[in-house]
Amino acid sequence: MKEQKSNKDFQKLTTVTSIKHLNKLNSIILSQNKIIDNINRKFTICLKRMKDNYSRKINMVHKCAYIYIFHYIQFKS
């Protein structure tokens, strides 16, 4: 009887310890996910800025090319 109670106490202790350990692991994973989400958000913002800057640069080059072609045609005529 005493051994059986001791075994139950041990099982209870290991169960509680396992649950606490799983909770800690879960907390770590949640923290890592928040960090990854933050990195992804910043990366996405950076990519959008790069795309916008690149689009502006392409538009400027197109405008310069059109102006150059326009002046070339004007002076050639």
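Read-outs throughout are calculated quantities, based only on the coordinates presented, and are distinct from any laboratory measurement. What you are looking at is a predicted structure, and each value in this text was computed from that prediction instead of being measured. Because the Cβ atoms are built from the backbone with ideal geometry, glycine has one as well, and the counts that use them run over all protein chains shown.
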Over the alpha-carbon set of the chain, work out the extent along each principal axis and list the three values in angstrom, largest first. 112, 11, 5
Treating the beta-carbon of each Lys and Arg as +1 and of each Asp and Glu as -1, no other charges, what is the dipole magnitude of the chain about its Cα centre, to the nearest 20 debye? 140 debye
What dipole magnitude, in Debye to the nearest 20, does region 36-77 give about its Cα centre under +1 on Lys/Arg Cβ and -1 on Asp/Glu Cβ? 60 debye
Considering only C-alpha atoms, what is the centroid distance from region 2-35 to region 51-76, in Å? 67 Å
Helical mean residue ellipticity (222 nm; -39500 (n - 2.57) per DSSP H run of 4+; nearest 500) of the chain: -37000 deg cm²/dmol
Net charge near residue 57 (other residues with Cβ under 12 Å of its Cβ; Lys, Arg +1; Asp, Glu -1) is +2
Projecting the Cα atoms of 26, 67, 40 onto the charge dipole of the chain, where Lys and Arg contribute +1 and Asp and Glu -1 at Cβ, the residue farthest towards the positive end is 67
Please give me the summed charge of the neighbours of residue 2: other residues whose Cβ is under 13 Å from its Cβ, Lys and Arg +1, Asp and Glu -1. 0
Calculate, in nm to one decimal, what residue 25 and residue 12 gain on full extension: separation in residues at 0.36 nm each, minus their alpha carbon distance. 2.7 nm
Residue separation times 0.36 nm, minus the C-alpha to C-alpha distance between residue 59 and residue 39: what's the value? 4.2 nm
